[in-house]
Amino acid sequence: MSATLDDIDALASRIPDGVKVALPPDYSGCAMAAVRALIKRGARDLHLIGVPSVGFQGDMLIGAGCVATVETAAVTIGEYGAAPRFTAAIKAGTVRMIDGTCPAIHAGLQAAEKGIPFMPVRGIVGSDLLEQRDDWMVGSDPFGGEDGPLVLVKAITPDVTLIHAPLADRHGNAWIGVRREMMVMAHAAKTTLVTFDKLYDGDLLADAEMAAGTIPALYLGALAEAANGAWPVGLFGAYPADDDHLRRYMEMARTDEGFQSYLDAYVLDRKAAE
Amino acid sequence: MTPDPQADFLPEELLISTVADMLDGLGHVAIGASSPIPGGAALLARARNGGNLRVSMLGSEDHNAFTNGGTELFDCAAQGRIDAFFLGGGQIDGAANINLVGIGDYPQTKVRFPGSFGSAYLYFLVPRVILFREEHTPRVLVPKVDFISAPGTSEPDVYRPGGPYALVTGRCVFAFDKDRKRFRLSSIHPGHAIEEVREMTGFDFDLPDTVGETPAPAPETLALIRGRVADEIAETYPAFAARVFGDNADAA
């Protein structure tokens with residue numbers, strides 16, 4: 001079976017308004033070119049799931065008005081400081097926040113990939129997070145173990161997982177190497193959309209070394225080639241973050257007007273980004 | 001506690017050295033997001049212990065041996081395979097509750113922090129959680145946090161092999177007393193004073209009769225920090241490394 005290969009705008013158009021989109025953190029595989037395409041097409045009311053946190057992708061989508069809800073353990077852009085558009089949106093009350101904790105998000109996705117309704121998780125009892133979540137419950141070991149309460153986390157099933165991979169092949173398999181959170185995200189979601197840097201000439205599943213780090217085509221809805229597609233956040237094992245550009249983003253995104261100028265320069269007019 | 005403005009080490013170097021002293025002899029230390037000084041401390045402890053300390057640093061490709069994605073750190077912690085971890089907090093209170101969510105009424109907080117990360121889990125499961133926060137002011141060290149991302153202590157029926165071990169700030173080191181559920185002042189960094197610590201701490205803490213000075217890094221420790229540690233931490237925290245070690249790293 002051959003893969004559905006889109007261009008980047010067609011790929012972005014497969015994410016309808018209002019759906020739950022799972023995104024990886026900045027150190028994993030971020031489909032930044034697709035995020036820019038989503039902003040360009042004017043996506044609205046997205047429910048982002050940061051697995052387990054989300055960085056520049058989330059900040060840009062929030063700033064561009066694409067997001068209604070953010071479900072994550074953190075919105076963080078690391079050394080660059082506080083995520084400016086996220087912070088502004090919380091202050092203004094324009095996004096709904098579903099605060100979680102990393103292992104609960106992983107556990108919810110693991111429940112979804114197993115096709116079961118929930119997953120028990122240690123810890124959490126006594127955290128104020130618990131009171132905010134109607135999809136977490138306190139339970140106990142049904143086998144009678146007496147080492148205390150367990151938090152039961154409801155399965156998390158994203159409508160779409162959106163990721164960027166270094167390689168994909170013509171059969172529609174995508175290679176993610178050691179960044180296996182993206183494997184769980186793909187297993188858990190109803191469909192997964194992948195952008196990739198380079199076309200792999202051959203079958204990723206035919207080579208045992210590559211196959212171990214490959215998401216099989218059966219989980220993937222469509223793929224789009226996007227050379228340097230994780231720019232400006234960088235891609236594990238391939239290229240570093242574009243530090244100068246991210247600093248410029250931080251500078252510009254401090255204000256609504258500055259962020260709009262950023263979008264005008266780097267997102268809405270794509271020539272400027274090259 | 002003689003103030004020493006002429007100290008021949010930087011505050012960051014003192015903190016790296018101080019935290020590393022808490023890691024000697026352990027088997028596996030993990031470091032989470034946005035933690036350059038704890039990361040540096042773990043790399044220093046590894047260098048000093050002949051490489052026998054395993055370091056797993058989030059966001060690093062060179063210093064991270066996990067192969068099962070984001071979940072592996074948490075699985076390891078629940079199994080008791082992680083000996084030490086670091087947590088911070090926009091607010092930390094005297095019972096070691098930490099707040100990584102925001103200041104004011106949730107959810108529309110006046111000040112929003114990034115979020116709780118793995119704190120609500122790792123604080124329960126990692127035996128030696130070192131709280132690290134450079135800013136030591138009454139707005140950070142508060143009587144009671146506005147939002148408990150993770151509680152400092154738990155009821156006896158809660159499975160909790162882990163919890164707070166110490167709080168390291170830019171002014172001093174506190175040890176956490178699990179029985180009293182309170183911090184005890186442990187040492188004061190060179191150039192700082194007890195009165196200042198008391199004034200800048202928003203919570204009550206226990207004060208022993210004598211409180212020593214946090215030991216300055218030994219020359220061989222400083223050489224390791226400025227050489228190998230500076231190089232290694234730059235992979236994950238280039239901005240931090242450039243700011244702190246820009247000159248020293250070259251001279252080492």
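The values are calculated or read from the model by the stated rules, or taken from the named source; none is laboratory data. Everything quoted here is computed from the prediction, not taken from an experiment. All Cβ positions, even for glycine, are placed from backbone atoms using ideal geometry, and neighbour counts span all protein chains on display. Side chains included, ligands, DNA and RNA excluded: accessible areas come from the protein's heavy atoms. Shrake-Rupley method; radii C 1.70, N 1.55, O 1.52, S 1.80 Å.
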Selected residue (only one of B:Asn68, B:Asn97, B:Asn64, B:Asn52 is modelled with pLDDT of 95 or more and of a type in the set (S, T, N, Q)): B:Asn97
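Rundown of residues vs (1) more than 17 Å from A:Pro103 (Cα to Cα); (2) among the small types (Gly, Ala, Ser); (3) without any contact (Cβ under 8 Å) to a residue 40 or more places away in the chain, yes/no style:
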residue	(1), (2), (3)
B:Ser60	yes, yes, no
B:Asp75	no, no, yes
B:Arg81	no, no, no
B:Gly88	yes, yes, no
Boolean, A:Met250 is more than 25 Å from B:Asn68 (Cα to Cα) and either in contact (Cβ under 8 Å) with a residue 24 or more places away in the chain or of a type in the set (Gly, Ala, Ser) (or both): yes
Test each condition in (1) touching a strand residue (DSSP E or B) at 6+ places or on another chain (Cβ under 8 Å); (2) part of a helix (DSSP H, G or I) for B:Ser187 and report the one that comes out false. (2)
Flagged in the stretch B:154-171 as within 14 Å of chain A (Cβ to nearest Cβ) and open to solvent by 40 Å² or more (accessible area, probe 1.4 Å), in numbering order, are B:Glu155, B:Pro156, B:Asp157, B:Tyr159, B:Arg160, B:Pro161
Within the stretch B:46-65, does at least one residue satisfy the condition of being away from chain A (no Cβ under 14 Å) and either β-branched (Val, Ile, Thr) or within 24 Å of B:Glu196 (Cβ to Cβ) (or both)? yes
Quick check on my filter: what residues within the stretch B:118-146 are open to solvent by 10 Å² or more (accessible area, probe 1.4 Å), within 14 Å of chain A (Cβ to nearest Cβ) and among the aromatic types (Phe, Trp, Tyr)? B:Tyr121
One residue is enough: does the stretch A:118-135 have a residue meeting the conditions open to solvent by less than 30 Å² (accessible area, probe 1.4 Å), assigned to a helix (DSSP H, G or I) and either in contact with a helix residue (DSSP H, G or I) (Cβ under 6 Å, 6 or more places away or on another chain) or on the phi > 0 side of the Ramachandran plot (or both)? yes
Is there any pair with a first residue in the stretch A:21-41 that is open to solvent by 10 Å² or more (accessible area, probe 1.4 Å) and a second that is of a type in the set (Gly, Ala, Ser) whose Cβ atoms are under 7 Å apart and which are 6 or more apart or on different chains, and what are they? A:Asp26/A:Gly55; A:Asp26/A:Gly78; A:Tyr27/B:Gly59; A:Ala33/A:Ala226; A:Ala33/A:Gly229; A:Ile39/A:Ala64; A:Arg41/A:Ala12; A:Arg41/A:Ser13
Among the residues of the stretch B:110-144, write down those that are outside any loop (DSSP other than H, G, I, E, B) and of a type in the set (Gly, Ala, Ser). B:Ser119, B:Ala120
Tell me, yes or no, whether the stretch B:94-111 has at least one residue that is open to solvent by less than 20 Å² (accessible area, probe 1.4 Å), more than 14 Å from chain A (Cβ to nearest Cβ), closer than 26 Å to B:Pro190 by Cα and of a type outside the set (Phe, Trp, Tyr). yes
Here the residues within the stretch A:248-274 that are surrounded by 15 or more Cβ atoms within 10 Å (Cβ to Cβ) and of a type in the set (S, T, N, Q) are A:Gln260
B:Pro215 vs (1) surrounded by 15 or more Cβ atoms within 10 Å (Cβ to Cβ); (2) touching a residue at least 60 places away in the same chain (Cβ under 8 Å): all pass except (1)
Out of all the residues in the stretch A:189-225, which are within 14 Å of another protein chain (Cβ to nearest Cβ) and closer than 18 Å to A:Cys30 by Cβ? A:Gly213, A:Ile215
Within the stretch A:95-103, is there a residue that is more than 27 Å from B:Pro238 (Cβ to Cβ), in contact with a strand residue (DSSP E or B) (Cβ under 7 Å, 6 or more places away or on another chain) and either in a helix (DSSP H, G or I) or open to solvent by 40 Å² or more (accessible area, probe 1.4 Å) (or both)? yes
Output the residues belonging to the stretch B:43-76 that are aliphatic (A, V, I, L, M) and touching a Ser or Thr at 6+ places or on another chain (Cβ under 9 Å). B:Leu44, B:Met57, B:Leu58, B:Ala65, B:Leu73
Inside the stretch A:65-89, can you point out the residues that are within 17 Å of B:Lys110 (Cα to Cα), at the interface with another protein chain (Cβ under 9 Å from one of its Cβ atoms) and open to solvent by 30 Å² or more (accessible area, probe 1.4 Å)? A:Ala82, A:Thr87
Of all the residues that make up the stretch B:53-64, how many are aliphatic (A, V, I, L, M) and open to solvent by 40 Å² or more (accessible area, probe 1.4 Å)? 1
Does at least one position in the stretch B:31-52 carry a residue that is charged (D, E, K, R), open to solvent by less than 10 Å² (accessible area, probe 1.4 Å) and in contact (Cβ under 8 Å) with a residue 40 or more places away in the chain? no
Can you name the residue in the stretch B:65-82 that is touching a Lys or Arg at 6+ places or on another chain (Cβ under 6 Å) and either surrounded by 19 or more Cβ atoms within 10 Å (Cβ to Cβ) or of a type outside the set (S, T, N, Q) (or both) and is also farthest from A:Arg122 (Cα to Cα) among such residues? B:Gly69
Looking at the structure I just gave you, is B:Phe85 touching a strand residue (DSSP E or B) at 6+ places or on another chain (Cβ under 7 Å), buried (at least 17 other Cβ atoms within 10 Å of the Cβ), farther than 27 Å from A:Arg85 by Cα and modelled with pLDDT of 95 or more? yes
